[in-house]
Amino acid sequence: MTAHDPAAPAPARTVGAPASAASWTERYTGAVMNTFGTPKRVLVRGEGSYVWDAEGRRYLDLLGGIAVNALGHAHPGLVAAVTEQLATLGHVSNFFATPAQVTLAERLLEVVTPGGAPAGSRVFLANSGAEANEAALKMTRRHRPGGRVLALEGAFHGRTMGALSLTHKAAYREPFEPLPGGVEFLPFGDLAALERALGDDVAALFVEPVQGEAGVRPLPPGYLPAARELTTAAGALLVLDEVQSGTGRTGTWMAHHLPHVGGGAVPDVVTLAKGLGGGLPIGATVALGEHAAGLLGPGQHGTTFGGNPVSAAAALTVLDALSDGLLEHVVEVGDLLRAKLAGLGNHGVAEVRGEGLLLAVGLTAPVAAAATEHLLEAGFIVNPVREDALRLAPPLILTGEEAASFVDALPAALDAATAGAAS
Ligand SMILES: *Cc1c(COP(=O)(O)O)cnc(C)c1O
């Protein structure tokens with residue numbers, strides 16, 4: 001045996017030996033901090049819109065890693081891009097520029113606003129949605145020091161202390177107070193309340209064009225264009241959190257490009273993450289126009305990993321796919337899925353809401369958790385985003401047949417959940 005040979009391939013043992021699902025779950029409980037509860041399945045492999053568990057069972061993944069796996073699992077183009085980038089240059093820190101990082105920032109400026117971002121716009125690349133919003137919150141402090149910051153009831157903007165200060169749910173916030181101050185929550189979609197709250201002491205309004213965690217709730221038509229006018233009049237920034245709704249999820253580049261959602265409103269800042277990297281961690285804070293882009297200067301913000309070439313190469317692959325017909329596919333399959341769900345009639349479905357492939361099946365009874373269990377047993381992954389709603393945020397490559405197979409399985413799961421609730 002010689003000493004460590006740096007040229008030798010590492011032995012492939014980092015993931016450990018195969019084991020049963022039960023033993024993985026036990027080891028999970030023993031080693032992983034209990035912030036998510038006990039996982040329902042141990043997943044070992046994915047391909048296209050499907051994943052497989054440790055017992056070899058297959059599931060249609062209608063959650064897509066929470067609106068992340070835009071190109072599904074093990075997408076050959078994504079695997080090739082990431083592999084090639086990692087084999088060429090994997091990480092260098094932000095003391096240096098890389099072609100992938102620069103190209104990604106340029107591409108984001110092309111797609112963030114129809115027709116391209118206004119002159120002077122710039123991008124900050126981070127690693128997650130919370131970080132993208134954290135940067136935006138810091139920008140608002142620079143825009144109007146000490147100013148009030150407005151967000152909406154039901155808002156979810158992330159879990160870091162700054163992003164958490166913008167997140168509405170008391171159970172997420174209260175254990176961690178005091179949070180960064182100055183944030184006030186306004187009733188969802190209420191323009192009169194917004195008008196009352198705005199003044200020359202307001203630094204910014206944060207909104208999700210479609211509230212994801214609140215149960216897939218699009219803003220009422222007319223809200224965003226009016227909010228744009230009101231924030232402009234008050235000199236406040238309009239920040240759109242498109243972390244979940246952006247990057248093609250709704251069949252347009254950004255959800256606020258949908259005419260009935262955005263009404264042509266151009267925000268000051270757009271935040272992105274989730275689907276942007278197709279599964280690799282990346283976030284972006286896109287500052288529109290010279291003023292917003294200049295709010296953070298040298299030394300005022302930073303990140304070690306943000307914009308690393310591997311994540312940037314993944315994001316470029318996702319953006320290329322969206323340009324090459326995937327946006328149109330999302331509209332087509334989203335419409336089909338919606339129509340099929342609406343066609344189910346009763347079976348406890350109250351409504352179908354959302355846009356593109358960010359949908360919720362609103363239920364007539366609070367049986368979403370039980371329905372999710374029955375669907376899992378039947379080989380379908382969904383998310384009980386509320387006790388009366390199932391969220392669907394599948395890979396954007398989902399086929400019509402795959403969507404139909406889910407709709408065929410849904411009535412039995414809802415019937416079983418309702419029967420369980422009644423007994
Ligand atoms: C998920 C989400 C976040 C937080 O993103 P992370 O990557 O989990 O930090 C922020 N905003 C919205 C709208 C989200 O859906």
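Remark on segment 97-148: ratio of C-alpha radius of gyration to 2.2 N^0.38 Å is 1.32.
Could you rank SER423, SER49 by how accessible they are, 1.4 Å probe, largest area first?
On the way: SER423 125, SER49 0 Å².
Ranked list, largest accessible area first: SER423, SER49.
Inter-part distance, segment 266-317 to segment 134-192, computed on C-alpha centroids, equals 20 Å.
I'd like the FRET efficiency for GLU55 and ALA226, computed as 1/(1 + (r/R0)^6) with the beta carbon distance as r and R0 of 60 Å, rounded to 0.05. Intermediate values should be presented prior to the final figure.
Values: r = 52 Å, r/R0 = 0.87.
The value I calculate is 0.70.
With both labels modelled 7 Å from their Cα along Cα-to-Cβ, the ALA339 to GLU177 distance reads 5.0 nm.
What Kirkwood radius, in Å to one decimal, follows from the Cα pairs of segment 82-210?
Numbers: mean 1/r = 0.0590 Å⁻¹.
In segment 82-210 this quantity evaluates to 17.0 Å.
Rg/Rh, computed from the Cα trace of segment 283-388 with Rh as the Kirkwood radius, has the value 1.14. Of VAL270, VAL331, the order by accessible heavy-atom surface (1.4 Å probe, DNA, RNA and ligands excluded), from most exposed downward, is VAL331, VAL270. Once Rg and the Kirkwood radius are both taken over the C-alpha atoms of segment 62-140, their ratio Rg/Rh works out to 0.99.
Between GLU184 and GLU290, the simple label model (points 7 Å from Cα in the Cβ direction) yields a spacing of 3.2 nm.
Select from the chain the helices, each a whole stretch of DSSP H, whose alpha-carbon atoms run 27 Å or more along the helix axis and whose Kyte-Doolittle mean is at least 0.5; answer none if there are none.
Values: long enough: 400-422 (34 Å, 0.64).
Answer set is 400-422.
Projecting the Cα positions of GLN101, THR372, SER49 onto the charge dipole of the chain (unit charges on Cβ atoms of Lys, Arg, Asp and Glu, taken about the Cα centre) puts GLN101 furthest along the positive direction. Spin-label model, ILE66 to ARG27: label points 7 Å out along the Cα-to-beta-carbon direction sit 2.4 nm apart. Report the residues of segment 36-74 in range of a label on ASP324: point 7 Å along Cα→C-beta, backbone N strictly under 14 Å from it. Answer for this model: 71-72. Using a cut-off of under 16 Å, list every residue of segment 276-305 whose amide N is near the label point 7 Å from the Cα of VAL79 along the Cα-to-beta-carbon line. Residues 279-280 fall inside that zone. Reported value for segment 79-322: 119 Å³ per residue, from the convex hull of its C-alpha atoms.
VAL183 sits among other residues whose Cβ lies under 10 Å from its own Cβ, and their net charge, with Lys and Arg +1 and Asp and Glu -1, is +1.
Considering only DSSP beta bridges whose two residues both sit in the chain, what percent are antiparallel, to the nearest 5? Write down the numbers at each step before the final one.
Working: 31 of 48 bridges.
Restricted to the chain, the bridges split so that about 65 percent are antiparallel.
Here the calculated FRET efficiency for GLU351 and ASP408, from their Cβ-Cβ distance with R0 = 22 Å, stands at 0.65, rounded to the nearest 0.05. Estimated purely from DSSP H runs of n ≥ 4, each contributing -39500 (n - 2.57), the mean residue ellipticity at 222 nm for the chain is -11000 deg cm²/dmol once divided by its residues. Ordered from largest to smallest accessible area (heavy atoms of protein chains, 1.4 Å probe), the residues VAL286, VAL266 come out as VAL266, VAL286.
P(r) tail, the chain: Cα-Cα pairs separated by more than 42 Å, 14% of all pairs. Within the full protein context, the accessible area of GLU332 is estimated at about 130 Å² for a probe radius of 1.4 Å. In segment 165-223, the alpha-carbon atoms span a convex hull of 92 Å³ per residue. For the chain, averaging the sequence separation of C-alpha pairs within contact (under 8 Å, six or more residues apart) and dividing by the residue count gives a relative contact order of 20 percent.
The values are calculated or read from the model by the stated rules, or taken from the named source; none is laboratory data. What you are looking at is a predicted structure, and each value in this text was computed from that prediction instead of being measured. Neighbour counts run over all protein chains shown; Cβ positions are idealised from the backbone, glycine included. Please note that ligands, DNA and RNA were not included when accessible areas were found on the heavy atoms of the full protein model with its side chains. Shrake-Rupley method; radii C 1.70, N 1.55, O 1.52, S 1.80 Å.
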